[in-house]
Amino acid sequence: MIYSIRQMTRYLMLAVTSVFAFHAMPLEATAQSGPENSGLRLYDNFRSPNIDPLRWYTTYSCDGKTTMECIRQIENGSLHLRARAYGDRTVNAGTEYGNAEFSLVDPSATDIAVELTVLHEDMSPCVTSSGAGTHGHAILYGNFFNDGSGASSGDTTALLALDRVSGAPSNQIQAGAFLQYQGVFYGFVVLGYFNVGEPVRIELKWDKSHRQFLASFTPLVNNSTVTVALPYTSSDSAPAYFPEKAIGVRAFPENCTGVPTYVDIEAAFDRVLVN
């Protein structure tokens, strides 16, 4: 089946919530401390008063039927993205969503890093639901290659999410990386934890020669980098059907007939670097 860009983006938004709801079997991965990758160049540092349309575009952002607030603007030299969404009060299963995202106009990068700060993340869960759980995250992701099928489902997506799930400590964010292929998310690995308000650096690199992705997480308070390897087995013989690279924030409030549920998340993106 061939999906439109709008359909694919919506599918990825909705499906990714299950990765944090269930404890996926992690891949074997190596963790290490290391320096910042020096082989990258600046893509944008958001010093212009307006978002640059020659660098960024949106396809499915500030959308969702219960998204009440959404911010996409440059403020004090950072790109501020915020989404506040509410759960559906008429049902007691599933989740709604809200997001604020931008994709790179030039998606050719095979190594991309972002420096950002999660400014706040507030949420109210559904205590009577046994579903995926209310959560929200800031995210870096990209479709890097296709298996040669020429279908959107043949793209392999790498994702690095800074997530907080309801029930976790109110100030704690988890950094996790995982892959997606043919509609299945797999290989979830935790890179570390940090607090709301602490600047971090995250990076995704396609290491084609070793058939793996390298996901890195660096708290900028100490510049100690943790890197994990995410191997894949799918063919990487063709360019991605939908070669997107993107940053954003996403809110996934549970639907709940008992009480109002919501997620409100905002992050400031300071620098984006690419190879």
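The numbers here are math on the coordinates, done by the rules we state, and not lab data. Model, not experiment: these values are computed from the prediction. Methodologically, a virtual Cβ is constructed for each residue, glycine included, from the backbone with ideal geometry; neighbour enumeration extends over all protein chains shown.
Observations
- For residue 172 and residue 75, the FRET efficiency from 1/(1 + (r/R0)^6), where r spans their Cβ atoms and R0 equals 25 Å, is about 0.50.
- Counted over all Cα-Cα pairs of region 5-274, pairs farther apart than 29 Å make up 26 percent.
- 3J(HN,Hα) along region 57-65, derived from phi through the Karplus expression 6.51 cos²θ - 1.76 cosθ + 1.60 where θ = phi - 60°, amounts to 8, 10, 10, 8, 9, 6, 10, x, 5 Hz, with x in place of Gly and Pro.
- Under 5 Å from the amide H of residue 238 lie the amide H atoms of 146, 148, each residue being 5 or more positions distant or on a separate chain, with H modelled from the backbone and absent for Pro and chain starts.
- Region 198-245 and region 73-141: distance between their alpha carbon centers, rounded to Å: 20
- Dividing the convex hull volume of the alpha-carbon atoms in region 51-191 by its residue count gives 149 Å³ per residue.
- Relative to the compact-globule estimate of 2.2 N^0.38 Å, the Cα radius of gyration of region 77-140 comes out at 1.45.
- Distance between the 7 Å Cα→Cβ label points at residue 50 and residue 110: 3.6 nm.
- Residue 209-residue 68 pseudo-label distance in nm [points 7 Å out on the Cα-to-Cβ vector]: 5.3
- Once the chain from residue 236 to residue 224 is taken as fully extended at 0.36 nm per residue, the excess over their C-alpha distance is 1.2 nm.
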